[in-house]
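Take a look at the structure below.
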Amino acid sequence: MTHQDIPIMLEHYVKKILSARVYEAAHETPLSPAPLLSRRFGNHIFIKREDLQPVYSFKIRGAYNKMAQLTDEQKACGVIAASAGNHAQGLAYHGKRLGVPVTIVMPTTTPIIKVTQTRSHGATVVQFGEKFDDAYAHARELEAAQGLTFVHPFDEPDIIAGQGTVALEMLEDAPEIDTLVIPIGGGGLFSGMGTAARAMKPDIRLIGVQAELYPSMYGFLKSTDLACDGDTLAEGIAVKQPGSVTRRFVERLADDIVL
């Protein structure tokens, strides 16, 4: 794919991003200059302040966009997700506001502050397994057993669309930006932001970043089998398998992925 050509799949997602129901719950956050980093690297670097969202993360965007579009029956039965923290807090926050029961399955290694904050929003927290993939498998079992709606943290169209609004804001605030550096766990943030950014500025560079211990998307794009395991401070992106949907976006959009 050339950068001048947005495939039909991406055009569809651009429309979803533009119509995403995000600002009923999330804030439009500032884009702050980073003078120390800029001097260090001899460039003009900006940081998108998603830590200023109500749950301190961009995850609030996709979570609300998905939950706002559930049917009344789905809302009454409740939702379930697997998360190491930020997606969990986004769903729990919205569940409390919308009156939707929320169950979150978290790895046992999740920092206690994220467990506590998720519970503080009224969600039921089940801790299972050491890694995201363990929690994910258990959440899918509970989904089937209890008739809940599973809300995937990244491999879900409405989640991807909600996260894409981050890039819309960035390029509206600073249209001179020529490169976006985006963290990748499962790939939802990169998929949404990359789609929006490429539509607004076709020649923009899109660089994904993964933790060295969890290079799942990197391995997929580089056609190499790398181990994904170990302790990391970036537990939110400790994902062993990239999404089946998001990997298609990253493959088409990323100029590079670095570790």
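Annotations
- Across the chain, C-alpha contacts under 8 Å between residues 6 or more apart give a mean separation that, scaled by the residue count, equals a relative contact order of 18 percent.
- Applying the criteria of a DSSP loop state and at most 10 other Cβ atoms within 10 Å to the GluC sites (Glu not before Pro) of the range 162-259 yields E176.
- Acute angle (nearest 10 degrees) that the helix 157-173 long axis makes with the longest principal axis of the chain, alpha-carbon atoms: 40 degrees
- Exposure here means at most 16 other Cβ atoms within 10 Å; with chymotrypsin sites (Phe, Trp or Tyr not before Pro) in a DSSP loop as sites, the longest stretch of the chain lacking them is 57-259.
- At most 12 other Cβ within 10 Å, DSSP loop - trypsin sites (Lys or Arg not before Pro), the range 18-108: R49
- Calculated FRET value between D229 and Y56, using beta carbons and R₀ = 41 Å, to 0.05: 0.90
- Working note: 222 nm ellipticity from helices only, DSSP H runs with n ≥ 4, each -39,500 (n - 2.57), summed and divided by the residues of the chain, gives -13000 deg cm²/dmol to the nearest 500.
- 37 °C / 0.692 mPa s Stokes-Einstein diffusion coefficient of the range 27-121, Kirkwood radius on C-alpha pairs, µm²/s: 222 µm²/s
- Carbon/sulfur fraction of accessible area - the range 1-141, other protein chains in place, 1.4 Å, %: 54 percent
- Links that overshoot a 30 Å alpha carbon limit, given the list K201/K222; K15/K48; K48/K75; K96/K222: K48/K75; K96/K222
- Dipole moment magnitude, nearest 20 debye, the range 93-239 about Cα centre, only Lys, Arg, Asp, Glu C-beta charged: 380 debye
- Note that the range 195-209 has calculated 3J(HN,Hα) couplings of 4, 5, 5, 5, 5, 7, 9, x, 9, 5, 8, 10, 10, x, 10 Hz, one per residue in order, obtained from phi through the Karplus relation 6.51 cos²θ - 1.76 cosθ + 1.60 (θ = phi - 60°); glycine and proline are x.
- Cβ-defined net charge surrounding P33, 13 Å radius [Lys, Arg +1; Asp, Glu -1]: +1
- Value of Rg to Rh for the range 168-215 (Rh from inverse mean 1/r over Cα pairs, i.e. Kirkwood): 1.00
- In the range 1-149, Cα pairs under 8 Å separated by at least six residues give a relative contact order of 18 percent.
- If you look at the Cα atoms of the range 59-209, you get an Rg and a Dmax of 16.2, 51 Å.
- Distant alpha-carbon pairs in the chain (separation over 22 angstrom), percent: 54 percent
The values are calculated or read from the model by the stated rules, or taken from the named source; none is laboratory data. Keep in mind the model is a prediction, meaning the values are calculated, not measured. Here the Cβ is made from the backbone with ideal geometry for all residues, glycine too, and neighbour counts use every protein chain on show. In case anyone asks, the SASA skips ligands and DNA or RNA and just uses the protein heavy atoms, side chains included. Shrake-Rupley method; radii C 1.70, N 1.55, O 1.52, S 1.80 Å.
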